[in-house]
Amino acid sequence: MVVLRSILIAIGLMVVSGRVAAQSSESKTNPPNFTYWENQPQSILRDTTLIRLYAQNANLSINPDSALLWLQKGFAIALRLRSNNWLAFTHNRMGLVYLRKGVSFQAIEYLFKGLQYAELAKKISEEAFSWDFIGDCYADLKDYEKSISAENHAIDLYRKSMNQMGMASSLNDLGAALSANQQLPASIAALERSLKLSRSLQNVGLQVNSYHTLAATLLKKGDFNQAEKYAQLAIDTETQSKGRANAELLALMGLIDAHRDRPDKSLNYAARAEFYLSYEWPLIRERTAYTLFEIYKALQKFDTALQWYEKYVELRDNNNLVAQEKRIEVLRYEYDAQQRDTRMQLMANDIARESYLRWILIAGIVIFLGLAAALLRSNLLLQKQREELDITNEQLVHVGQLLKQTNANLEDRVAARTNELREANRSLTRKNHEIQEALFRGQNLERKRVASELHNNLGSLLSGVKWRLESVDTEKFSVSEQDLHEGVLKLINDAYDQVRHISHNLLPSILEKEGLIPALQKLVADVNRPGKLAFDFIVSKDVRIEDKKVAFELYSCVLELITNILKHAEARQVVLEIAQTQGFHILMITDDGVGVSREQAGQSGQGILNIRQRVKSLNGNFSIRALKKSQGTAVTLRIPRQPLLVS
């Protein structure tokens with residue numbers, strides 16, 4: 001996870017504002033205020049003032065090792081005072097320095113010691129400080145569950161001590177940890193609370209962090225509008241305060257634009273991020289490189305994406321190497337300190353040994369005799385224990401053999417049962433496929449029967465009624481009766497045409513005999529015949545749809561969509577296009593009609609419900625959207641080339 005941005009910003013500000021003070025603090029000569037207080041007689045005021053001054057100088061030090069030397073001076077005073085409060089204070093500040101160095105495991109050790117002393121002193125502010133940066137350490141080590149728990153502790157303690165700034169910072173850290181742990185709703189809630197507090201406090205750094213983390217979290221969630229909004233706020237705020245946005249923010253905005261299919265804007269942000277990359281911290285460079293890889297991958301610029309992924313791996317390995325070198329440096333420093341302490345202790349021991357040599361010799365003789373007696377007794381006990389251990393080992397070997405045999409038998413049984421289950425699953429799959437094929441054949445037979453009944457019976461009946469009405473002598477009818485007679489004839493003609501249309505489309509013979517493409521070509525020709533609508537049919541040469549169920553369902557969907565266009569769209573031009581990719585058949589119909597709004601696209605009439613049900617039965621997906629400026633509608637159906645049929 002990210003080393004929390006609040007620390008990085010604070011360090012950056014300290015480096016800029018305190019460079020002169022830091023350099024003077026690292027010189028061999030102490031500043032005058034240190035000299036004054038160090039020369040004062042020991043007192044509570046003198047000691048606590050020196051601890052604060054040492055901590056202040058450590059905070060201004062550019063070099064973390066120099067900061068540790070200052071804090072160790074304060075720790076020595078706190079240890080002499082035996083003050084839990086000041087021991088908590090010095091341990092917490094040393095933990096923060098180790099966190100700045102990137103040695104998180106060492107930082108955790110000092111922060112937990114600081115927490116223990118703060119609890120003994122009942123110092124809520126120091127307890128909150130400990131939990132806050134313990135959470136940062138766990139986040140740096142990618143243990144997000146512990147980081148979340150620690151930040152929640154810190155937030156409760158900051159609330160009790162009414163520390164709004166600390167609470168806002170911890171809420172931001174909590175949101176980042178929750179986001180990294182994929183708990184997106186909780187992350188967004190925490191970040192919104194942090195943002196509200198940082199705005200009320202007018203803290204620009206915390207606002208930028210909250211905007212940035214909110215944008216990244218919303219991008220994970222897929223809410224691109226809100227992600228873009230907060231990323232833009234972060235860029236604007238940081239540009240106003242620092243003159244430019246950091247590379248990581250620019251790359252994040254580029255990734256959002258890539259997901260929103262805005263390649264030009266995405267590439268522009270990516271180029272700006274690349275330009276500022278060399279000015280950023282190592283960890284930010286690593287994360288920015290990975291985001292650039294994601295941008296170019298989303299834009300399908302795979303060569304550039306590969307280059308940035310290689311750059312990301314290089315930066316990650318360099319950062320890991322730097323962290324390892326820091327750990328080695330800490331261990332070397334501790335080893336040197338231990339060696340110095342050991343030499344000093346040896347010198348003290350030599351002095352004491354010269355004064356009390358006689359007593360030491362006498363004590364040594366007594367100890368030697370006691371050790372000899374203890375050794376003799378220990379040998380007897382050891383021999384007895386060895387015999388008992390041999391017996392126990394023999395029993396363990398026997399038990400191990402039994403366990404090995406039992407395990408082998410169990411594995412054989414599990415393997416046999418697994419094979420049986422696999423065979424049963426294959427059998428069930430075959431049966432299911434056979435049932436679905438039989439169901440489809442039955443449906444086709446029923447469609448043929450219904451079509452035949454409609455054409456032969458109802459069609460013949462309507463033809464008879466039409467013939468009877470046409471044979472009626474209308475010369476003696478009044479004008480209104482003649483109009484009524486003509487209206488009835490027209491209705492019967494329309495009914496007869498509808499019966500023929502329904503009986504034909506229940507199961508078109510050309511669809512059954514020649515397949516989907518010829519059937520659609522005939523359907524388009526029929527629609528074009530009246531001349532009211534220009535209907536184009538585009539089909540790729542490599543399209544092959546041999547599955548009869550898929551062909552029938554797609555034909556039915558197209559028929560339903562054409563009916564909707566004729567009834568509602570008021571279109572003059574319609575294009576039907578069929579293509580296929582490696583995994584999908586894709587069917588798209590566009591028209592230049594009145595279009596649909598978002599609300600209308602979300603609503604479902606019976607025709608759209610029928611289409612959705614048919615597409616769902618083929619394990620496909622269906623989308624409908626308005627074209628630009630509501631000039632027409634586009635409908636897309638994506639069907640797997642080997643669909644998992646849903647009964």
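The values are calculated or read from the model by the stated rules, or taken from the named source; none is laboratory data. None of these values were measured; they are calculated from a predicted model. Backbone-built Cβ (ideal geometry, glycine too); neighbour counts: all protein chains shown.
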Residues satisfying the stated conditions in the stretch 548-592, i.e. of a type in the set (Val, Ile, Thr), over 40 Å from the mean Cα position of the chain (by Cα) and not in a helix (DSSP H, G or I) | Val574
Residues of the stretch 71-92 being closer than 30 Å to Pro282 by Cα and crowded, with 24+ Cβ neighbours inside 10 Å, in sequence order, are Leu71, Phe89, Thr90, His91, Asn92
With (1) over 25 Å from Lys146 (Cβ atoms); (2) at pLDDT 85 or above; (3) surrounded by 15 or more Cβ atoms within 10 Å (Cβ to Cβ); (4) not β-branched (Val, Ile, Thr) as the list, and Asn225 as the residue in question, which single condition is left unmet?
-> (3)
Scope the stretch 241-266; condition within 19 Å of Gly205 (Cα to Cα), surrounded by fewer than 23 Cβ atoms within 10 Å (Cβ to Cβ) and either in contact with a Cys (Cβ under 9 Å, 6 or more places away or on another chain) or in contact (Cβ under 8 Å) with a residue 24 or more places away in the chain (or both); matching residues | Ser241, Arg244
Give me the pairs: first residue in the stretch 556-569 and within 14 Å of Val596 (Cβ to Cβ) and outside the structural domain of Thr590 (by TED's automatic domain parsing), second residue part of a helix (DSSP H, G or I) and charged (D, E, K, R), beta-carbon distance under 8 Å, and six or more apart or on different chains, which are they?
-> none
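Residues are listed down the side, and each one gets a yes or a no for (1) modelled with pLDDT under 85; (2) hydroxyl-bearing (Ser, Thr, Tyr); (3) assigned by TED's automatic domain parsing to the domain that holds Asp257:
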residue	(1), (2), (3)
Ala298	no, no, yes
Thr304	no, yes, yes
Arg316	yes, no, yes
Asn320	yes, no, yes
Arg343	yes, no, no
Asp390	no, no, no
Matching residues, the stretch 510-529, being closer than 14 Å to Ser556 by Cβ and aliphatic (A, V, I, L, M) | Leu511, Leu516, Ala519, Leu520, Leu523
From the list Tyr54, Tyr98, which one is among the hydroxyl-bearing types (Ser, Thr, Tyr) and either part of a loop (DSSP other than H, G, I, E, B) or in contact (Cβ under 8 Å) with a residue 60 or more places away in the chain (or both)?
-> Tyr98
Would you mind finding the one in Asp65, Asp47 that is buried (at least 17 other Cβ atoms within 10 Å of the Cβ), acidic (Asp, Glu) and either at pLDDT below 90 or not in a helix (DSSP H, G or I) (or both)?
-> Asp47
